[in-house]
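Asks: First the structure, then my questions, so here it is.
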Amino acid sequence: MSDIRITNCHIHTLTAAHAPLYYPAPPVAAIRAWPGLLHGLRHAARLQPWEGPHEAVLQLDHFRKTGCRESQRAVFLEALRHYPASARFVVLPMDLEYCGHGPVPVGLKAQHRELYELSRDPGLGHRVIPFATLHPDRPDAVAELRRCLDEYGFRGVKIYPRLGYAPSHEILMREVYPLCVERGLPVVSHCSRGGVRHRRWTPARVDAVTDPAAHVPVLRAFPELRLCLAHFGGDADWLSFLAEGLDPLDPEARRRNWVTKIADMIESGVYPNLYTDISYTVFKVPACMPLLTLFMESERLAARILFGSDFYMLRQEDLSEKAVSIRLRAALGEARFRQIAETNPETWLGER
């Protein structure tokens with residue numbers, strides 16, 4: 001295989017200490033206190049005649065084992081096991097204190113500080129590309145962001161509208177995006193129907209602020225902003241497109257499916273700095289790889305797709321992250337894999 005410097009544009013190293021006590025449901029607090037409960041649930045689920053419950057508990061157990069590590073460094077070391085020594089990683093923190101799922105044991109400032117220390121680690125720091133995050137309703141959100149950029153040298157910004165705000169939030173439009181444009185910093189926004197959501201927001205309300213169309217005011221106001229819509233619309237929309245197709249008599253069908261909507265937005269050329277990544281989606285459903293190959297036949301679209309895995313939000317039982325990455329590389333071929341894993345990330349990060 002050729003020598004490719006892989007940049008994984010989407011991983012997480014936050015631990016259980018950075019997550020709300022009662023997320024995703026109050027019983028999780030009991031599992032945190034007594035991990036043995038989860039082993040009991042795994043055994044009970046295994047005895048059921050249906051695969052779904054066992055798989056769900058198994059995923060939760062894998063997630064808990066990684067998230068309960070003692071530090072972000074320990075989580076990062078687990079990710080490194082799946083990649084060559086030259087690989088780099090965009091590490092994305094999360095501000096979960098304002099999503100209504102209870103208190104967060106270790107706050108955002110401490111999470112950012114620990115990520116900074118990881119980026120300065122003598123043996124590992126050169127492989128870390130740290131991003132800052134913010135919830136625009138936090139009173140000191142912009143001050144904390146500036147601290148991360150000015151004092152820590154963070155390389156970009158992560159937003160997560162499902163936590164209870166629109167990507168066109170006043171604080172983001174007035175202070176955050178202009179700052180990113182001024183400094184040439186990329187932004188990544190969660191853009192799939194899955195993930196953490198604000199406890200008091202309905203799925204419909206959450207989808208409304210996560211929809212690719214919700215980012216159009218941002219793209220129009222800041223055409224120079226290098227914005228990545230993460231997850232390429234999400235696995236649910238990919239599977240819907242593959243299994244059900246699009247109604248040819250419904251002119252709105254392509255716009256309702258977030259996969260085709262993002263693809264069309266990029267291919268239109270109207271938003272020249274719009275990107276997307278394949279994190280979680282292709283890693284959860286490797287069967288989506290042939291569709292990704294077809295998407296990449298469009299040169300404009302191929303130049304705006306970023307490699308990312310969403311480690312460790314998804315833990316596979318049958319295929320490791322390494323196995324999925326190798327399968328993806330084989331499916332795309334060396335030239336296309338280099339494009340999404342090396343060339344495009346360097347452009348998005350402002351290195352080219």
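Asks: May I ask you to derive the relative contact order of region 103-173, considering only C-alpha pairs under 8 Å and at least 6 residues apart, and to give it as an integer percent?
Replies: 27 percent
Asks: On to the next question. Using a/c under 1.5 as the rounded threshold, could you call the chain rounded, prolate or oblate? The axes a ≥ b ≥ c are square roots of the C-alpha gyration tensor eigenvalues, and prolate needs a/b larger than b/c, oblate otherwise.
Replies: Rounded, because the longest to shortest axis ratio a/c is under 1.5.
Asks: Among S119, S189, what's the order by accessible area (1.4 angstrom probe), most exposed first?
Replies: S119, S189
Asks: May I pose another question? Which entries in K261/K322; K109/K261; K158/K261; K109/K284 show an alpha-carbon gap greater than 28 Å?
Replies: K261/K322; K109/K261; K109/K284
Asks: Normalised by the residues of the chain, what does the relative contact order come to in percent, with Cα pairs under 8 Å and at least six apart?
Replies: Contact order relative to length: 19 percent.
Asks: Listed highest first by mean packing, meaning other Cβ atoms within 10 Å per residue, what order do 195-202, 2-9 come in?
Replies: My ranking of the peptides, most packed first, is 2-9, 195-202.
Asks: In addition: Amide H to amide H under 5 Å from I129: which residues, 5+ apart in sequence or cross-chain, H placed 1.01 Å off N in plane?
Replies: Those qualifying (amide H under 5 Å, at least 5 residues apart or on another chain) are F89, V90, V91.
Asks: Sticking with this structure for a sec: Got a sec? Which residues in region 283-322 would a label at L242 touch, if it sits 7 Å along Cα→Cβ and we count backbone N under 14 Å?
Replies: Residues passing the 14 Å test: 283-295.
Asks: How much accessible area per residue does the chain have, in Å², with a 1.4 Å probe?
Replies: Counting only protein heavy atoms, the per-residue value for the chain is 43 Å².
Asks: Heavy atoms only, 1.4 Å probe, whole protein assembly: order Y275, Y116 by accessible area, highest first.
Replies: Result of the area sort, largest leading: Y116, Y275.
Asks: Using a 10 Å cut-off on Cβ atoms, rank the peptides 143-152, 305-314 from the highest mean neighbour count down.
Replies: 305-314, 143-152
Asks: Using C-alpha positions alone, give me the convex hull volume of region 76-225 per residue in cubic angstrom.
Replies: Numbers: hull volume 19.2 nm³, N = 150.
Residue-normalised Cα hull volume stands at 128 Å³.
Asks: Taking only the alpha-carbon positions of region 265-346 and ignoring solvent, what does the Debye formula give for the base-10 log of I(q)/I(0) at q = 0.18, 0.21, 0.26, 0.27 Å⁻¹?
Replies: -0.73, -0.96, -1.35, -1.42
Asks: Amide H neighbours of F311 under 5 Å, counting only residues 5+ apart in sequence or on other chains, H built in-plane at 1.01 Å?
Replies: It is H12, by chain and number.
Asks: For region 208-352, taking Cα atoms only, what is the radius of gyration to one decimal and the Dmax to the nearest whole Å?
Replies: Considering region 208-352 through its Cα atoms, Rg and Dmax are 14.9, 44 Å.
Asks: Moving on to the next point. Taking amide H positions as placed 1.01 Å from N in the peptide plane, with prolines and chain starts having none, which residues 5 or more places from R69, or on another chain, fall under 5 Å of its amide H?
Replies: Here A16 satisfy the definition.
Asks: Now for a separate question. So what is the relative contact order of region 196-320, in percent, for Cα pairs below 8 Å that sit 6 or more residues apart?
Replies: It rounds to 26 percent for region 196-320.
Asks: Once you've got the GNM for the chain with C-alpha springs shorter than 10 Å, pick whichever of V90, V216, V128 has the biggest mean-square fluctuation.
Replies: Highest fluctuation among the options: V216.
Asks: How would you rank 158-168, 96-106, highest first, on the average number of other Cβ atoms within 10 Å across their residues?
Replies: Result, highest mean first: 158-168, 96-106.
Asks: Next question. May I ask you to give the percent of accessible area on the chain that is carbon plus sulfur, with a probe radius of 1.4 Å?
Replies: 55 percent
Asks: Report M173's accessible area, 1.4 Å probe, all protein chains in place, as a number in Å² to the nearest 10.
Replies: 50 Å²
Asks: Contour minus end-to-end for L77 and E117, with contour as 0.36 nm per residue of separation and end-to-end as the Cα-Cα distance?
Replies: Values: separation 40, 0.36 × 40 = 14.40 nm, distance 1.42 nm.
Here the segment from L77 to E117 would lengthen by 13.0 nm.
Asks: Plugging the Kirkwood radius over Cα pairs into Stokes-Einstein for region 101-170, at a temperature of 4 °C and a viscosity of 1.567 mPa s, what D comes out in µm²/s?
Replies: On the way: Rh = 13.1 Å.
The diffusion coefficient I find is 99 µm²/s.
The values are calculated or read from the model by the stated rules, or taken from the named source; none is laboratory data. Computed from a prediction, not measured in an experiment: that's the story for all the values here. Cβ sites come from the backbone with ideal geometry, for glycine too, and all protein chains shown count toward neighbours. Surface accessibility is based on the protein's heavy atoms, side chains included, excluding ligands, DNA and RNA. Shrake-Rupley method; radii C 1.70, N 1.55, O 1.52, S 1.80 Å.
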